[in-house]
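Take a look at the structure set out below.
The values are calculated or read from the model by the stated rules, or taken from the named source; none is laboratory data. Here the structure is a predicted model, which means the values were calculated and not measured. No Cβ is skipped: glycine too gets one built from the backbone with ideal geometry, and neighbour counts run over all protein chains shown. For accessibility, only protein heavy atoms count, side chains too; no ligands or nucleic acids. Shrake-Rupley method; radii C 1.70, N 1.55, O 1.52, S 1.80 Å.
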Amino acid sequence: MSLIDKTYRDDVFEIRHMVDEEHDGLRLDQFIAIYLESFSREIIKKKIKEKEIVITGRPGTQKPSSVVHHREVVVIKFY
């Protein structure tokens, strides 16, 4: 998983990751579980539903079952 950027602000910590070729085709919740090993899948699913985890540039509502593709950027926000 390629780390692109970390941003620290008073109200949010934001991390951007680019999907590597080896992770192409994974579900969004499975992809995030690789990075957030200490988080349960239920917490990850909740963060996706609350739009704290998003695939940039993808229209519509994203779900835990959304498939990630090579070179897409996934943003994780911590409030």
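What to note about this one:
- Rolling a 1.4 Å probe across all protein chains gives Arg41 an accessible area of roughly 110 Å².
- Reduced Cα scattering model of the chain, Debye log10 I(q)/I(0), q = 0.17, 0.19, 0.26 Å⁻¹: -0.60, -0.75, -1.43
- Carbon/sulfur fraction of accessible area - the chain, other protein chains in place, 1.4 Å, %: 48
- Gaussian network model of the chain, springs between alpha carbon atoms under 10 Å - residue of Asp20, Asp29, Asp11 with greatest fluctuation: Asp11
- Label-point gap, in nm, between Phe13 and Arg71 - each point 7 angstrom along Cα→Cβ: 3.1
- In the context of the full set of protein chains, residues of the chain present 63 Å² of accessible surface per residue (probe radius 1.4 Å, heavy atoms only).
- Theoretical ellipticity at 222 nm over the chain - DSSP helices of four or more residues, -39500 (n - 2.57) apiece, nearest 500: -6000 deg cm²/dmol
- Extending 7 Å from Cα along the Cβ direction at Ser2 and again at Ile34 yields two label points whose distance is 1.3 nm.
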